[in-house]
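Just so it is clear, none of the values below were taken in a lab; they were calculated from the coordinates. Every value quoted in this text rests on a predicted model; they were computed, and no experiment measured them. Glycine gets a Cβ as well: all are built from the backbone with ideal geometry, and neighbour counts include every protein chain shown.
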Amino acid sequence: MLPRAAAATVLRAAATDEKLALYGGPKVRGTPFPSWPIVGSNDEQAWMTVLRKGRWNRTAGNYTQQFEERWARIIGAKYCLATANGTAALIVALNALDIGPGDEVIVPPYTFNATINAVLMQHALPVFVDSDPETFQIDAGKIEAAITKRTACIMPVHLGGNAADMDTILAVAKKHNVPVLEDACQAHLAEWKGRKVSGLGDLGCFSFQASKNLNSGEGGAVLTNNEDLIHRARGFHNNGNPYGSPFAYSGAGCNLRMTDFQGALLLEQLTRLEAQSQIRARNANHLTGQLKEIEGITPARQYEGCTRNAYHLYMFRYNREHFHNAPKPLFLKALAAEGIPCYGGYTPLNKSTALASTLNGKAYRYIYSAKELADLNDRNHCPKNDQLCEEGVWIPQTALLADTESMDHIAQAIRKIQKQSAKLLG
Ligand SMILES: Cc1ncc(COP(=O)(O)O)c(C=O)c1O
């Protein structure tokens, strides 16, 4: 009889010889990965309490305020303000910093639209700094070269739950006296040198949108240690009325408040976040151990300072040269057919036609000269990011909530596709 390890290798080899599921063969993974969200009886109870109480909006002492206090404590920040969603949190934070027309905001090109939409809503200029393809984060070493006298904010994104290089970012920000707004919308509980991200810069923002590791359907939060900034943030998100003086109009703002249904769900979902995050990290580490053995597959690296990865996304790069040159969309199709949830990630935001048309639109042409807009276009080349967008692949956080054997299925499916990749083109 073969020893266990040898038997497993034989089995693995056999399964990779089976016909690709894309062409009618058996799937490597026949059962679904965990669904999301996970709902407990505590969620139901809290939701019904809000419903029956009849105070569905934000009021003093209710669930939303309790959540703010608890989330601030977890992050290690003095203040937390709950908002309607993550985009709203970013807009509130930028307004608290008084970012507006004429200002430049440094952003990564590998992020969700909302990061730059928040900047565009202020009619400020998004200045893109290239990505570090190894980590999928902004290349912090290139930020200083992008700073001008107009730079009003550096906005790193902790993409996928991995952490951006905060030591370098904070040092550059300090040297040039520019505030840092962390977009931590994907990074619940991620840490840099033992401190939670979003609590390191001047302000940090979260999203609690349905796909996020902490979820209330929609929702967001602004974190800060600065009393003046939280005062301004509270006022802006409450139509210009700072708390304590409901009818004292103190300036422009918006209604970006969270409902108490969201607050109640967040407080209850929070009871499971730590345990779920530990499962994701354990499984992600196991998966990395397997994937790094496959030629042409490179899991995202963490900077040394990233002491905790929240794994909102499991990210890796796909090099088609090791798969008989099969294009990434075909690889993704084959992987999905084997029963593995996967996505192709972002396209280059800096090159998007939507951005170009906004910058060519009425407001921008009114505020900025044609030369200023052309110069911005010249500065916004990010060749490393172009390559990253070609190669990046994501596996969603929900898959990481499965068991260790499920991680083996992911690796096995990739091995199977690689072994038969010559057939993918045929
Ligand atoms: C990096 C990033 N920033 C901002 C947002 C915006 O959050 P929301 O969808 O809650 O408005 C998201 C959410 O998808 C995100 O992933």
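Below are the figures for this structure:
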| item | result |
| --- | --- |
| Karplus-derived 3J(HN,Hα), 6.51/-1.76/1.60, for each residue of the range 209-217, Hz, glycine and proline x | 5, 3, 7, 6, 5, 10, 9, 10, x |
| Degrees between helix 328-337 axis and first principal axis of the chain (Cα, 0 to 90, nearest 10) | 70 degrees |
| Sites residue 372 and residue 422, calculated FRET efficiency, Cβ-Cβ separation with R0 51 Å, nearest 0.05 | 0.50 |
| Coordinate range along principal axes, alpha carbons of the chain, Å, largest first | 80, 58, 36 |
| Cut-off 15 Å between beta-carbons: net charge of the residues surrounding residue 90, Lys and Arg +1, Asp and Glu -1 | -4 |
| Cα-derived Rg over Rh, computed across the range 249-340 with Rh taken as Kirkwood radius | 1.17 |
| Neighbour-count ranking [beta-carbon atoms within 10 angstrom, fewest first] of 18, 274, 268 | 274, 18, 268 |
| 3J(HN,Hα) from dihedral phi, the range 50-55, Karplus parametrisation 6.51/-1.76/1.60, rounded to Hz, x for glycine, proline | 5, 4, 6, 5, x, 9 |
| Computed log₁₀ I(q)/I(0) - Debye formula, equal Cα scatterers, no solvent, the range 41-268, q 0.12, 0.13, 0.17 Å⁻¹ | -0.61, -0.71, -1.18 |
| Residues 211, 35 arranged by fewest to most Cβ contacts within 10 Å | 35, 211 |
| Helix-derived mean residue ellipticity, 222 nm - over the chain, DSSP H n ≥ 4, -39500 (n - 2.57), to 500 | -13000 deg cm²/dmol |
| Summed residue charge, Cβ within 13 Å of residue 233's Cβ, Lys/Arg positive, Asp/Glu negative | -1 |
| Amide hydrogen neighbours beyond the local backbone of residue 190, cut-off 5 Å, H modeled | 197, 310 |
| Within a Gaussian network of the chain (alpha carbon springs, distance under 10 Å), most fluctuating of 341, 383, 109 | 383 |
| Cα-based equivalent ellipsoid, the range 124-181: semi-axes from gyration tensor eigenvalues, Å | 18, 12, 10 |
| Share of alpha-carbon pairs per 5 Å distance bin for the range 225-277, given as whole % | 5, 18, 18, 15, 16, 13, 9, 4, 1 |
| Peptides 190-200, 53-63 ordered by average Cβ neighbours within 10 Å, highest first | 190-200, 53-63 |
| Nearest 10 degrees, 0 to 90: helix 227-237 Cα axis against the chain principal axis | 80 degrees |
| Highest-MSF residue in the chain out of 178, 39, 127 [GNM, Cα springs under 10 Å] | 39 |
| Other-chain or far-sequence residues with amide H under 5 Å of residue 137's (modelled H) | 132 |
| Degrees, to the nearest 10: 370-379 long Cα axis against longest axis of the chain | 40 degrees |
| Potential lengthening between residue 231 and residue 69 on full extension [0.36 nm per residue; Cα-Cα distance subtracted] | 56.8 nm |
| Order of 224, 271 - criterion: other Cβ atoms within 10 Å of each residue's Cβ, fewest first | 271, 224 |
